[in-house]
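Colleague: Below are the structure tokens for one structure; questions will follow.
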Amino acid sequence: MILQALYDYYQRKQDDPDPARRLPDFGLEDKEIPFIVELTAEGRPLGIIDTRQGDGKKKQARRYLVPKGVKRASGVAANLLWDTAEYALGVDARGNPERVLEQHAAFRQRIAELPEAAHLDAGIQALKSFYANNGQAALSDDPVWAEIVEKNPFVTFRLQGESDLICQRPILLAEEERAVEGHTAALTCLITGALAVPERLETAIKGVWGAQPSGANIISFNARAFESYGKTERQGENAPVSPAAAFAYTTALNHLLDKGSRQRVQIGDASTVFWAQKDDAEIEEGFAAVFGELDDPDAQTEHIRALLDAVQSGRFDGGRGDNRFYVLGLAPNAARISVRFWQSAPIHLIAQRTREWFGDLELVRSEYDPPYPALKRLLASICLPTKDRPFGDMDRLPEVIVGGVMRAILVGGELPALILNSALQRCRADQARKDATSGKPVRHVSYLRAALIKAVLSRHFRVHAPQRKEISVSLDRSNTDSSYLRGRLFALYERVQEIAADRELNRTIRDSFFGAAMATPRAVFPRLVRLNQQHLRDLRRSKAGTAGYFDKELRAVNDALDPKTAFPAACALQDQGIFTLGYYHQRQDFFSKSESSQSTQGESK
């Protein structure tokens, strides 16, 4: 299913009316080539052309369609008419002259093995003359030669006055019959269903975070235990795919994983790519904004809002909505790539579930918080912050969370319980942490964590307790859940302490008692009640009206508490989450109105 969807995506891109958006034809690949050696028709080098643009380390080479590169790890194998400087020019860049001689000989051997008609081509003849006359020596005075020797970049060749590279000449790009060593019979391709000699080794997949820089395989057989009976040492027969189909799905996947791709996001260790069955920029851009993090936050918000508006207006109904949408998460696994998750669903379902996701996240917030938080920021908020990543190190995120979250969003199911546990742990741990910028204590339940807790609980109760009252977006004074009321009560106690002190406190009751009040309320609330009475007495002396307001609020919450269940000895994880939301709602409600309005309300009663 995965390979078939990637194969269909390749065919879709090949049919794109814009040539610039098409993927390479069979036998070619899109490659950044930083340096081009320009030759005369007689093979005399005119100089080296630097195709890179930009400044400093941000220089980016121009991309060219070149013959598909060979697959190599530690052995010697040359590409056709383009390769590293060691292969193409015989440059010893790493102090290993014997190996460089072998590499350069392999490069020239590929040229010698070209069909007889190719040797009559002017470009090939010029290149043969270049090597015969040791043209490399004439390049040593070029300004970029020192950099080529140091970095061993990709190099290719071009004739003077032509725009195409020598490796792009039509006679070299014509398809030739490919003999696959060790195979004598055609087999049924698992993707196309046609009879074909199977591809023995697929093209390496590059761009998966944490995998081998040279690329890794999504399909491979490197031990007898993984091989089918009778197909020993003939890897291609274990999962027969024609060379053209293998080229299609590997090219499509490498395109999606490319560093400039708008259809990939990195979530933890999972390199996640997504695409629609038919060209649908609206859903693909919206999905990138939902799960990734664009450079422009305003543009990200607009993409998501447009996607949600499209769902609301029914633009994904009908035939368009029946087209499928695919999401593939890949993670490194030694020399191979493991599939972390794979989801396929009609676009109208994906769009509706995206809308449900943001509905579950919706929460009262400050004007500085994003209305549609990206998944990366949400998950980073429950990770341990580091010096380099003060918002959370997602590299340490348990892999069960990454796959579980994506599956839950795309199928409308429950989120992993580990998310709730991690969020609550970070809320407790931040009591002693200081902000990396201001140096002040971090002692608030953040919007991102509260939104994630709300989403976990909303989905859990929807499945296991549908009769339970739905969690509100903002403060719900009608909610009589004991855990929610305890959270509100704790927030009221903390606010009374802050106002009574009439100065910025280095430590509040939250820093000392939040974790205990959330998990073991019976052990700590009696002490909190005594402390609050003392703080109220201090407040009455300086701000009688404000003290009256808070006294009324405290009585309302206490009256709603059931004495039998108000302060249990221990609380379940879900109850701790509800406590946290009650606390968050109450704190947000304080700052939704000015202190003066609170004082006025208190004075008038």
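Colleague: If you scan the range 489-545, which residues turn out to be out of contact with any helix residue (DSSP H, G or I) (no Cβ under 6 Å at 6 or more places or on another chain), among the polar types (S, T, N, Q), part of a loop (DSSP other than H, G, I, E, B) and modelled with pLDDT under 90?
Modeller: Asn506
Colleague: So is Asp55 within 30 Å of Leu23 (Cα to Cα), out of contact with any Asp or Glu (no Cβ under 9 Å at 6 or more places or on another chain) and touching a residue at least 40 places away in the same chain (Cβ under 8 Å) or not? Explain how you work it out, then say what you get.
Modeller: On the way: within 30 Å of Leu23 (Cα to Cα): yes; out of contact with any Asp or Glu (no Cβ under 9 Å at 6 or more places or on another chain): yes; touching a residue at least 40 places away in the same chain (Cβ under 8 Å): no.
For Asp55, the condition - within 30 Å of Leu23 (Cα to Cα), out of contact with any Asp or Glu (no Cβ under 9 Å at 6 or more places or on another chain) and touching a residue at least 40 places away in the same chain (Cβ under 8 Å) - is not met.
Colleague: For the range 30-47, which residues satisfy the criterion of being within 26 Å of Val100 (Cβ to Cβ) and in contact with a Pro (Cβ under 8 Å, 6 or more places away or on another chain)?
Modeller: Of everything in the range 30-47, those that are within 26 Å of Val100 (Cβ to Cβ) and in contact with a Pro (Cβ under 8 Å, 6 or more places away or on another chain) turn out to be Pro34, Phe35, Val37, Glu38, Leu39.
Colleague: I'd like the full set of residues that are charged (D, E, K, R) and under 24 Å from Asp164 (Cβ atoms), limited to the range 55-111.
Modeller: Applying the first criterion (charged (D, E, K, R)) to the range 55-111 yields 55, 57-59, 62-63, 68, 71-72, 83, 86, 92, 94, 98-99, 102, 108, 110.
Passing the criteria: Lys59, Arg62, Arg63, Lys68, Asp83, Arg108, Arg110.
Colleague: Suppose we filter Ala436, Ala429, Ala380 for residues that are surrounded by fewer than 15 Cβ atoms within 10 Å (Cβ to Cβ) and either under 20 Å from Arg587 (Cα atoms) or at pLDDT 85 or above (or both); which single one remains? Lay out the reasoning, then the answer.
Modeller: On the way: Ala436 fails: either under 20 Å from Arg587 (Cα atoms) or at pLDDT 85 or above (or both); Ala380 fails: surrounded by fewer than 15 Cβ atoms within 10 Å (Cβ to Cβ).
Answer to the check: Ala429.
Colleague: If you scan the range 84-99, which residues turn out to be touching a Phe, Trp or Tyr at 6+ places or on another chain (Cβ under 7 Å) and without any contact (Cβ under 8 Å) to a residue 24 or more places away in the chain?
Modeller: Initial filter on the range 84-99 (touching a Phe, Trp or Tyr at 6+ places or on another chain (Cβ under 7 Å)): 84, 87-88.
Residue satisfying the conditions is Tyr87 alone.
Colleague: Name the pairs whose Cβ atoms lie under 6 Å apart, with the first residue in the range 9-36 and farther than 20 Å from Glu199 by Cβ, the second assigned to a helix (DSSP H, G or I), and 6 or more positions between them or separate chains?
Modeller: Arg22/Lys13; Arg22/Gln14
Colleague: With respect to Ser74, determine if the residue is part of a loop (DSSP other than H, G, I, E, B), closer than 29 Å to Arg200 by Cα and without any contact (Cβ under 8 Å) to a residue 40 or more places away in the chain.
Modeller: The answer is yes for Ser74.
Colleague: If you take the residues of the range 274-304 that are under 16 Å from Leu378 (Cβ atoms) and among the small types (Gly, Ala, Ser), which of them is surrounded by the most Cβ atoms within 10 Å (Cβ to Cβ)? Talk me through it step by step, then tell me what you get.
Modeller: Initial filter on the range 274-304 (under 16 Å from Leu378 (Cβ atoms)): 287-294, 297, 300-301, 304.
Within this subset, residues satisfying the condition of being among the small types (Gly, Ala, Ser) are 288-289, 292.
Working: Ala288: 21, Ala289: 24, Gly292: 19.
For the range 274-304, the residue satisfying everything is Ala289.
Colleague: Starting from the range 562-584, take each residue that is surrounded by 24 or more Cβ atoms within 10 Å (Cβ to Cβ) and list its partners that are among the hydroxyl-bearing types (Ser, Thr, Tyr) and in a helix (DSSP H, G or I), counting only C-beta distances under 7 angstrom and pairs at least six apart or across chains.
Modeller: Qualifying pairs under 7 Å: Ile578/Ser483; Ile578/Tyr484; Phe579/Ser483; Leu581/Tyr484; Gly582/Ser483; Gly582/Tyr484.
Colleague: Then there is this: So Pro398 passes all but one of these: (1) at pLDDT 75 or above; (2) under 17 Å from the mean Cα position of the chain (by Cα); (3) surrounded by fewer than 18 Cβ atoms within 10 Å (Cβ to Cβ); (4) more than 12 Å from Ile267 (Cα to Cα). Which condition number does it fail?
Modeller: (4)
Colleague: Select from the range 310-361 the residues that are under 18 Å from the mean Cα position of the chain (by Cα) and over 26 Å from Tyr249 (Cα atoms) and write down the one among them that is modelled with the highest pLDDT.
Modeller: Among residues in the range 310-361 that are under 18 Å from the mean Cα position of the chain (by Cα) and over 26 Å from Tyr249 (Cα atoms), the one modelled with the highest pLDDT is Trp357.
Colleague: Confirm whether Ala310 is in contact with an Asp or Glu (Cβ under 8 Å, 6 or more places away or on another chain) and among the small types (Gly, Ala, Ser). Don't jump to the end; show me each part of the working.
Modeller: Numbers: in contact with an Asp or Glu (Cβ under 8 Å, 6 or more places away or on another chain): yes; among the small types (Gly, Ala, Ser): yes.
Against the criterion (in contact with an Asp or Glu (Cβ under 8 Å, 6 or more places away or on another chain) and among the small types (Gly, Ala, Ser)), Ala310 qualifies.
The values are calculated or read from the model by the stated rules, or taken from the named source; none is laboratory data. Nothing here was measured: the structure is a model prediction, and the numbers come from that model. Please note: Cβ atoms are built from the backbone with ideal geometry, for glycine as well, and neighbour counts cover all protein chains shown.
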